[in-house]
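Note sheet for the following structure.
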Amino acid sequence: MAGSARAERLRFLWLRAALVLAAVGAVLAVGIVGISLWCAVALAVLVGWIIASVLYVTTPVVFGRVVGFLATLAAAIALIFDGGWKWFAALPLGVGAFLLGYRWRGTRAVDAIPRDRTLVPFSFDDGDRLVDTLDAVWGSTRDGGPRHGLRAAHSHGSVARGTWKRDGECGAAPANVPLFNCAEGSVVARFSNFTGDIRRDDNRRVPHGLALELQARHEASFNMVLVDIRRFPVATKEDFVALTNCTGARGFRRLWGFATLLLTGRTSIAALVGSRSLRRVDSYAQRTYHGLNTFYCKLDGKKVPVRYLVRPVDPGAAAVQPATAARTRLDDELQARLRSGSPVCFDVELVLGQRRRGTNLSADRVRDPMWWWGRSKKSRRLCTVTLDQFVATGDRDGFLFQPFVVPEGIQPSDDEILSARRTAYATSYLRRCPLDEVSQ
């Protein structure tokens, strides 16, 4: 919390630049005037802390600490040693400059092609490139590929239908959203596991997804795409490509890839841990699902950044599964629950991206899906979803849940991962449901 508060105070670019210039100026001035040993050590530590704090605003904490330590080492050498020894300060400065350059290049080398040439360069369609990245791990979804007809990720899912309803306990709906002029409507939900394996396996400890489509008569639908994890592992599509390549690698190459992403600040330990499911899940109905991307809407007369949150309502124990359940236990549990007459209920909430004083979070916090907004953030209940009908589907279903399908009054943020989903979802859909089949 202390680090987050410090980052909020340093959210202005001019302030961060002023601090860096002040730190550099202090080292140069003291180097000319001279200072005692312990004062030199204290100043070097202060310089490293300032650099780490400045980088913490826009990069993960590991990257900031590494570069901050290098800045401390360089400042200490420059202040403590005399004569030609001072030039050794260039070594940690050079390493720090290399890391900064590698991060800059690594998140923006949009036309780089990996050695195995499994990815399409950015100069081609971005959707194809991102989907091919996932295909390099689990198999191609192109026509004739081993996974043709499946989604690139979250390949296997369970679909249910039901209703959504607003009642007296719901907060004020976002302004200018015609959908919520209605008190209730229908809903389609798809539960899924993250992996894209050809064979379904509900036993794996992986993130689980929930996609909702809220509908009302004569109104535009409202799509929500959520997962039961609190953080996305990366913040840019280029980092997602690199992370996916690490996932598909084996042995030392995989470990080295993750270590490189961590040390160059393209991900963080908190994001990697927070994007994993660490325990076995017994039921889709017992999970809390988070929308990791940010949208804007007007609440109480003010434009506010929001994220979706879907909480289970009295889920109870997992339903008794059929004796034949093996690798489809979550699907079987959902079917058994609904067919026994026990509906699955969730509260749909909007988490407000505001500080305690009511001001909006900084743009860096809003657009970064690696940051969890925390328990202290305010939320507003939007509606209650009740699912009571299981929909039998094959692996190749015609449902498409697009995060950008939102009603008037809801606006997407400039989150790069959210933008990348626009083309990737459409590409994956057209591969499994070709346009000539959709139009028939």
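Put simply, the amide H of Gly265, placed in the peptide plane, has neighbours under 5 Å in Phe63, leaving out anything fewer than 5 places away on its chain.
Would you work out if segment 7-51 is rounded, prolate or oblate? Take a ≥ b ≥ c from the square roots of the eigenvalues of the alpha-carbon gyration tensor; rounded if a/c is under 1.5, else prolate when a/b is larger than b/c, oblate otherwise. Here segment 7-51 falls in the oblate category.
For the chain, a Gaussian network of Cα nodes joined below 10 Å ranks Ile198, Ile417, Ile35 by mean-square fluctuation, and the top entry is Ile35.
Report the FRET efficiency, 1/(1 + (r/R0)^6), for Leu46 and Ala18, where r is their Cβ-Cβ distance and R0 is 25 Å, rounded to 0.05. Show your work: numbers first, answer last.
On the way: r = 15 Å, r/R0 = 0.61.
The calculated FRET efficiency here is 0.95.
Please say if the chain is rounded, prolate or oblate, where rounded means a/c under 1.5 for a ≥ b ≥ c the square roots of the C-alpha gyration tensor eigenvalues, and otherwise the choice is prolate for a/b larger than b/c and oblate otherwise?
Working: a/c = 2.33, a/b = 1.69, b/c = 1.38.
Taking the square roots of the gyration eigenvalues as a ≥ b ≥ c, the chain is prolate.
Between Thr328, Thr288, Thr163, where does the largest GNM mean-square fluctuation fall for the chain, given springs only between Cα atoms within less than 10 Å? Ranking Thr328, Thr288, Thr163 by mean-square fluctuation puts Thr328 first.
Would you calculate a helix-derived [θ] at 222 nm for the chain, using -39,500 (n - 2.57) for each DSSP H run of n ≥ 4 and dividing by the full residue count, to the nearest 500?
Numbers: 13 runs with 167 residues, N = 440.
So the calculated ellipticity at 222 nm is -12000 deg cm²/dmol.
With all protein chains in place and a 1.4 Å probe, the accessible surface of the chain carries 59 percent carbon and sulfur. Working from Cα pairs under 8 Å separated by at least six residues, relative contact order for segment 114-271 is 17 percent.
Using a ≥ b ≥ c from the Cα gyration tensor of segment 117-242 (square roots of the eigenvalues), is it rounded, prolate or oblate, where a/c under 1.5 gives rounded and otherwise the larger of a/b and b/c decides, a/b for prolate? Cα axes put segment 117-242 in the prolate bin.
Could you check which residue among Leu100, Leu70, Leu13 shows the biggest mean-square fluctuation in a GNM of the chain with a 10 Å Cα cutoff? Answer for the Gaussian network model of the chain: Leu13. Between Ala249 and Phe88, the FRET efficiency estimated from the beta carbon spacing at R0 = 35 angstrom works out to 0.45.
Along the charge dipole of the chain, Cβ charges K/R +1 and D/E -1, which of Ile77, Leu272, Leu130 sits furthest on the positive end? Sorting the options by dipole projection puts first Ile77. Charge tally for Glu333 (other residues, Cβ to Cβ under 10 Å; Lys, Arg +1; Asp, Glu -1): -2. Within the straight-line cut-off of under 19 Å between alpha carbons, the lysines reachable from Lys377 are Lys298, Lys302, Lys303, sequence neighbours fewer than 8 places apart in one chain being disregarded. Here is what passes the span test in the chain: the DSSP H helices with alpha carbon length of 27 Å or more along the helix axis and a Kyte-Doolittle mean of -0.5 or above are 13-33, 37-56, 61-80.
The values are calculated or read from the model by the stated rules, or taken from the named source; none is laboratory data. Bear in mind that the values here come from a model prediction, so they are computed numbers and not experimental data. Virtual Cβ from ideal backbone geometry, glycine too; neighbours counted across all protein chains shown. To get the accessible areas, we keep the full protein, side chains included, count just its heavy atoms, and leave off ligands, DNA and RNA. Shrake-Rupley method; radii C 1.70, N 1.55, O 1.52, S 1.80 Å.
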